[in-house]
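Worksheet for the structure shown next.
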């Protein structure tokens, strides 16, 4: 196992942060919307599994892609719940400044950025060099 790099450590901290912020909000979801409580439990479990995978450097690319996708989907869920609303959570519409939600968004956005950096980029296509007027002089 390689030592934890700053990026891997940041990813682990962000994934644990996602789990903790949703764990804090879980009791409310158990009262308001059971389907959302189940989704929160799945998110918490997935975040912790991915944190372990990244910390242990297991299937690194897969773990990073999964973490980025999970974070992006969670951001989308937050936006949906605050904009158009979700069933049994209509009172969440417009609650953009919830401190726990903002903390989670910071963790999630950081994860999306870190995951994007790990995606392999295709090799640039070779282009034929065409002389320009400036270079022909």
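For this structure, a couple of remarks:
- Stretch gain in nm, segment residue 65-residue 38, where the contour uses 0.36 nm per residue and the Cα spacing is subtracted: 7.4 nm
- Mean ellipticity per residue at 222 nm, deg cm²/dmol - from DSSP H runs of n ≥ 4 across the chain, formula -39500 (n - 2.57): -24500 deg cm²/dmol
- In nm, spacing of pseudo-spin labels at residue 117 and residue 72 (7 Å Cα→C-beta vector): 1.8 nm
- Virtual spin-label span in nm between residue 28 and residue 9, 7 Å along Cα→Cβ: 3.2 nm
- For the chain, the longest principal axis of the C-alpha atoms and the axis of helix 60-83 are separated by about 60°.
- Among 11-22, 79-90, 54-65, sorting by the average number of other beta carbon atoms lying within 10 angstrom of each residue, highest first, gives 11-22, 54-65, 79-90.
- Cα-derived Rg over Rh, computed across region 6-118 with Rh taken as Kirkwood radius: 0.98
Laboratory data are not the source of any read-out in this text; all were calculated from the coordinates shown. These numbers were taken from a predicted model, which means no experiment stands behind them. Cβ sites come from the backbone with ideal geometry, for glycine too, and all protein chains shown count toward neighbours.
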